[in-house]
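Before any comments, here is the structure.
The values are calculated or read from the model by the stated rules, or taken from the named source; none is laboratory data. Quantities reported herein were computed from a predicted structural model and do not represent experimental measurements. Because the Cβ atoms are built from the backbone with ideal geometry, glycine has one as well, and the counts that use them run over all protein chains shown.
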């Protein structure tokens, strides 16, 4: 392939046969997997040494550590907290996912915590119940 046969949209670096990839700023999907910060280098996997060390420790730990406060803050930042929160009606004890008011009793439900539908029965279940945590945070 000669230089004239190449498409114009592929940049050439140092006369190489293959064009270089777009810089990290042009690719919005490239972010640090630990803190979600934008990466400054095209070759970087983490934004800092601290994030690299934290990712290593998370990979090597035997127990799955879930920080519900950090999860709640992340969902709030993405504006999906209400949609991923399990609520329970105090009157009929029916659980809802993302609905804050019971359609049958017409009362406001109490918040049980972040969760989602059960993979087996499709009923709303909280993360604390799935992970066998001691108490459900209000």
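Laid out as a table, the results:
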| item | result |
| --- | --- |
| Residue 94 vs. criteria surrounded by 13 or more Cβ atoms within 10 Å (Cβ to Cβ), more than 30 Å from residue 30 (Cβ to Cβ) and either in contact with a helix residue (DSSP H, G or I) (Cβ under 6 Å, 6 or more places away or on another chain) or without any contact (Cβ under 8 Å) to a residue 12 or more places away in the chain (or both) | yes |
| Filter pass, residue 110 being at pLDDT 80 or above and either surrounded by 11 or more Cβ atoms within 10 Å (Cβ to Cβ) or out of contact with any strand residue (DSSP E or B) (no Cβ under 8 Å at 6 or more places or on another chain) (or both) | yes |
| Among the candidates 11, 33, residue that is modelled with pLDDT under 85 and assigned to a loop (DSSP other than H, G, I, E, B) | 11 |
| Residue match in the range 82-91 (condition: in a loop (DSSP other than H, G, I, E, B), touching a strand residue (DSSP E or B) at 6+ places or on another chain (Cβ under 8 Å) and at pLDDT 80 or above) | yes |
